[in-house]
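The block underneath contains the structure these notes are about, expressed in structure tokens.
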Amino acid sequence: MKAFGALHPLVLFCYFIAVLFLSAFTSHPVLLALSLLGAVCFWATLEQGGGFWRSMGYYAVLFLLIAVTNPLFSHNGVTPLFFLNGNPVTLEAILMGIDIAALMVSIIFWCKCYSLVMTSDKFLYLFGRIVPKLSLVLSMALRFIPLFQNQAQRVGRAQKAMGLYAGTSYVDKLRGGLRVFSVMVTWSLENAVDTGDSMRARGYGLKGRTSFSLFRFTLRDGVFLAGTAILFAAVLAGMRMGYLHFTFYPEVAPVQTALAAIWCYVCYGLLAFLPFILETEENLKWIYSVSKI
């Protein structure tokens, strides 16, 4: 996160809005495949080690569940493969399920990357003066889940050290889990109140209040923002002109191979892999500098 996360918060926010918008409002398999691969590669640079592989295992199962669910409930299509309880399972429904799974999992990965890159201080820097109360609530909500998980683990370890998890039955485990959840509810309420009181004591949201920030908009930020805008506009124009139109029903439409369509694929591929490219470049520079020592 050294290279991409070091960009200006405005650039980061605009990039994630662009890539999430294009991923959410398209059903084209090429774009969704590029979005999923770009998000996974970027996530690999952020979450290294065992955490990445655990996430991949979980989301691979989620991907399969979503992909299998669609053909079980949707029987549209003109290419039946087999019958299940008298209902046809069509090729189009299976491919549509894979497409939906790619869309949902890619958006989840992009949101996970967003939560790690766009920290609460960056979000408050962008929206603290415009909508101070809303930005504070959203910032607290975005950082609530990781804080909740870390605190729950600490509470669980503390209670194990006190001998409260000595039993091995399911009833004891359930009782221990409910005890931890009760503690976490109280902690969440107290943490929210303390955060609000602390921000109010510092004069947050008052008119004319100044704030210190280390963020500076540099030429590098301007180049990256301009590149993001150009790539986003190119893909959006391709959508508007129908080069990226794709349908699964009643039969799977062919993927367009016109020059304009290929140009849109290249633009979206560059947009989706920009963070990974920056991180890879930074890592290669680091490896080269270490080898020179």
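The values are calculated or read from the model by the stated rules, or taken from the named source; none is laboratory data. Given the structure is predicted, the values throughout are model-derived calculations rather than measurements. When we count neighbours, we look across all protein chains shown, and the Cβ atoms used for this are built from the backbone with ideal geometry, even at glycine.
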Task: Residue list for the stretch 111-126, restricted to those being farther than 12 Å from Phe13 by Cα and within 13 Å of the chain's Cα centre (by Cα) - done: Lys112, Leu116
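Report yes if some residue within the stretch 56-72 is part of a strand (DSSP E or B), at pLDDT below 90 and touching a strand residue (DSSP E or B) at 6+ places or on another chain (Cβ under 6 Å); otherwise report no. Show your work before the answer.
Taking the stretch 56-72 first, the residues part of a strand (DSSP E or B) are none.
Checked against the condition, which is being part of a strand (DSSP E or B), at pLDDT below 90 and touching a strand residue (DSSP E or B) at 6+ places or on another chain (Cβ under 6 Å), the stretch 56-72 yields no hits at all.
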Open item on the list: Out of everything in the stretch 145-157 that is farther than 14 Å from Thr186 by Cβ and of a type outside the set (Lys, Arg), what residue ends up being modelled with the lowest pLDDT?
Closed with: Ile145
Task: Residue among Phe83, Phe52 that alone is at pLDDT below 90, assigned to a strand (DSSP E or B) and either of a type in the set (A, V, I, L, M) or surrounded by fewer than 17 Cβ atoms within 10 Å (Cβ to Cβ) (or both) - done: Phe83
TODO: Return the pairs, sorted by first residue and then second, in which the second residue is of a type in the set (Phe, Trp, Tyr) and assigned to a loop (DSSP other than H, G, I, E, B), the first residue lies in the stretch 242-268 and is closer than 30 Å to His75 by Cβ and without any contact (Cβ under 8 Å) to a residue 12 or more places away in the chain, the beta carbons are less than 6 Å apart, and the residues are 6+ apart or on different chains.
DONE: Ala253/Phe246
Task: Residues within the stretch 12-29 that are more than 13 Å from Leu271 (Cβ to Cβ) and part of a helix (DSSP H, G or I), tallied - done: 4
Open item on the list: Looking only at the stretch 108-144, count every residue that is β-branched (Val, Ile, Thr), modelled with pLDDT under 75 and either part of a loop (DSSP other than H, G, I, E, B) or touching a helix residue (DSSP H, G or I) at 6+ places or on another chain (Cβ under 8 Å) (or both) and tell me the total.
Closed with: 2
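Taking Phe73, is it of a type in the set (Phe, Trp, Tyr) and surrounded by fewer than 17 Cβ atoms within 10 Å (Cβ to Cβ)? Full working, then the answer.
On the way: of a type in the set (Phe, Trp, Tyr): yes; surrounded by fewer than 17 Cβ atoms within 10 Å (Cβ to Cβ): yes.
Spelling it out, Phe73 is indeed of a type in the set (Phe, Trp, Tyr) and surrounded by fewer than 17 Cβ atoms within 10 Å (Cβ to Cβ).
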